[in-house]
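Heads up, the thing below is written out as C-alpha cells.
Readers should treat all values here as calculations from the given coordinates under stated rules, not as data from a laboratory. What you see is a predicted model; the values in this text were computed from it and never measured. All Cβ positions, glycine included, derive from the backbone under ideal geometry; neighbour counts span all protein chains shown.
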Amino acid sequence: MAFDYEKYLRPGKLPHIWCPGCGHGIVMKGLIRAMDTLKLDMKNTAIVSGIGCASRLPGYIDCCTLHTAHGRAAAFATGVKMAKPEMNVILCGGDGDGTAIGGNHFIHACRRNIDMTYIIMNNYIYGMTGGQFSPCTPTGHKASTTPYGNPDPGFDIAKLAIGAGATFVARGTAFHANQIDKLIVEAIQHKGFSVVEILDDCPTTYGRRNKYKSVIEMMNRLKEVAVPVKAAEKMTAEQLKGKVLTGVLYKEEKPEYTEEFAKVIERAKASK
Amino acid sequence: MEKTLPKIEIIEKYCKGCHICVEFCPTKVLEMKGFVVAVKNLEACIKCMQCELRCPDFAIKVSAE
Ligand SMILES: Cc1ncc(C[n+]2csc(CCOP(=O)(O)OP(=O)(O)O)c2C)c(N)n1
Ligand code: SF4
Ligand code: SF4
Ligand code: SF4
Ligand SMILES: [Mg+2]
C-alpha cells in the first residue's frame, strides 16, 4: 500500500501553495510519516510556526496548530508546552524566521531544554518575501538585497543550537527524503529541546539568482554536499571541505524545563 | 512465476511538473507529458518508492504489492 498522507491532512487543502520543486513539501511529508510512526494522538499534538513559506506547514496538518507572528514560534510553543506539558509540541519554520527575527527566541528555547522539537527548513533565503538574504545565506551568494554577493558569513544552525544548549541536534536534507522522518522520530522521542535542521531548496528566489538552472541542480547539490556523520569520521579535512554533516550531530541528557518548573511550583507551595 | 507489477498512481491535479520524480527514478520509469508526469515504462519499476518519497506535492503514489 502507498502511504496514506491524506489521513493527516486537512481536507481540501491540496494542492499546497509551495512552488514547483520547493522542498518544504518533502519536509512536511517526512513530518507526517514521523507522526505516523510514533502514532501521535492528533488531539494531543500541536504544531506551531512563525511566518514564511516554511511556516505555512501547520495549516495543512489536521492536528492542533498555531500559525503565529514572525519569529515567535518558540515563544508561543513554550506557552503551549508550559500550559499543557503532556502535549507533543512541534515547531517549524524557515531559516529567516528562526535565525533572524526569531533568533533570540530560538537560542533561549535551546537554553531551557524544554521538551519540544523544532524543525527548521533552511533554504538559505527569505523565500516568501522575494528573496532577501537571511543569516543563513552563504558568503558571496546573491539575494535581492545582496545583488553583488553577500559579504556576511552564514550561521551554522546546528552549531548554534548545540552552543545554545539544545540537547538533540540533527541535520538532513530535502534530497535525502527517507531520512527526514527518521530524524524527526528520534527528535520527538528525545526528552528535551531537539532541533532538526533540514537543508532545503527555494528554486524561485534563491536558485535562479545563484545560477542553479533547475530544481534538479539544487537537489543534486544537496546530494553532493551531505556527508553522514559516520562516513565523515573516516574522511580527511581536505575531503570534508565544503561538505555538510548529516544525521544525529549531538545528543545529551539534561534536566527538562517543564519538569524543573513543576519542582519550583512544589517548592513554592511547600514554603507557604 | 509471473511478475506482479506495482501500481503507480499520478494525481495530475496536484502535480506541479517539477521533474524531481522523473530525474531521480533509478530505472527511468517516468517521463514528463506536457506539464505533468506520466508512466513511460512500468515494467522497469523496482518499487524503490523514491519518486513517492521525494514528490513535494503528494502527486505520485506507488503501491508495491
Ligand atoms: C514582523 C515582520 N517582519 C517582516 C515580515 C515579512 N516576512 C514575511 S516571511 C519573511 C521571511 C521568511 O523567511 P524564512 O523564514 O526563511 O521562510 P521561507 O519563506 O524561506 O520558507 C519575512 C521577512 C513579517 N511578516 N513580519
Ligand atoms: S518562494 Fe521559495 S520557499 Fe517559498 S514556496 Fe516558492 S520555492 Fe518555496
Ligand atoms: S518506485 Fe522507484 S523505480 Fe518505481 S517509478 Fe518510483 S522511483 Fe522509479
Ligand atoms: S515530483 Fe511530484 S510534482 Fe514533481 S513532477 Fe513528479 S509527480 Fe509531479
Ligand atoms: Mg528561508
Q.
Under 8 Å for C-alpha pairs, at least 6 residues apart: give me the relative contact order for chain B, rounded to a whole percent.
A. 45 percent
Q | Ranking of A:V244, A:V195 by count of other Cβ atoms within 10 Å, fewest first | A | A:V244, A:V195
Q.
Please rank A:T117, A:T65, fewest neighbouring Cβ atoms within 10 Å first, as an exposure proxy.
A. A:T65, A:T117
Q.
Below 8 Å between Cα atoms, with a sequence gap of 6+, how large is the relative contact order for segment A:5-104 in percent?
A. 28 percent
Q) How many partner chain Cβ atoms sit within 10 Å of a residue's Cβ in peptide B:6-16, on average, as a whole number? A) 2
Q. Looking at the square roots a ≥ b ≥ c of the eigenvalues of the Cα gyration tensor of segment A:15-271, which shape do they give, rounded for a/c under 1.5, prolate if a/b is larger than b/c, or oblate?
A. prolate
Q: Per residue of A:21-31, count partner chain C-beta atoms within 10 Å of its C-beta, then hand back the mean as an integer.
A: 4
Q) Could you give the distance between the Cα centres of segment B:1-63 and segment A:211-262, to the whole Å? A) 28 Å
Q | Packing-based exposure ordering (other Cβ within 10 Å, fewest first) of A:M116, A:M82 | A | A:M82, A:M116
Q | segment A:115-272 - percent relative contact order, Cα under 8 Å, separation 6 or more | A | 25 percent
Q) Roughly how many whole Å is it from the C-alpha centroid of segment A:37-52 to that of segment A:113-135? A) 18 Å
Q: Scan around A:T173 for amide H atoms under 5 Å from its own, H built in the peptide plane at 1.01 Å from N, and keep only partners 5 or more places away or cross-chain.
A: A:L199
(Q) For a test of the definition: using alpha carbon positions, the gyration tensor, and the 1.5 limit on a/c, classify chain B as rounded, prolate or oblate. (A) prolate
(Q) Could you work out [θ]222 nm for the protein assembly as shown from helices alone, using -39500 (n - 2.57) per DSSP H run of at least four and dividing by all its residues? Round to the nearest 500 deg cm²/dmol. (A) -8000 deg cm²/dmol
**Q.** Other-chain or far-sequence residues with amide H under 5 Å of A:V195's (modelled H)
**A.** A:Y118, A:F168, A:V169, A:A170
Q: With label points built 7 Å along Cα→Cβ from the Cα atoms of B:A38 and A:K84, find their separation and express it in nm.
A: 4.8 nm
(Q) What does the structure give for A:215-222 when I average, per residue, the other chain Cβ atoms found within 10 Å of the residue Cβ? (A) 3
Q.
With no other cysteine's Cβ closer than 4.7 Å, which Cys residues of chain B count as lacking a disulfide-compatible partner?
A. B:C15, B:C18, B:C25, B:C45, B:C48, B:C55
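Would you work out if segment A:189-272 is rounded, prolate or oblate? Take a ≥ b ≥ c from the square roots of the eigenvalues of the alpha-carbon gyration tensor; rounded if a/c is under 1.5, else prolate when a/b is larger than b/c, oblate otherwise. Let's see the in-between values first.
Values: a/c = 5.07, a/b = 2.17, b/c = 2.34.
Since a/c reaches 1.5 but b/c is at least a/b, the shape of segment A:189-272 is classed as oblate.
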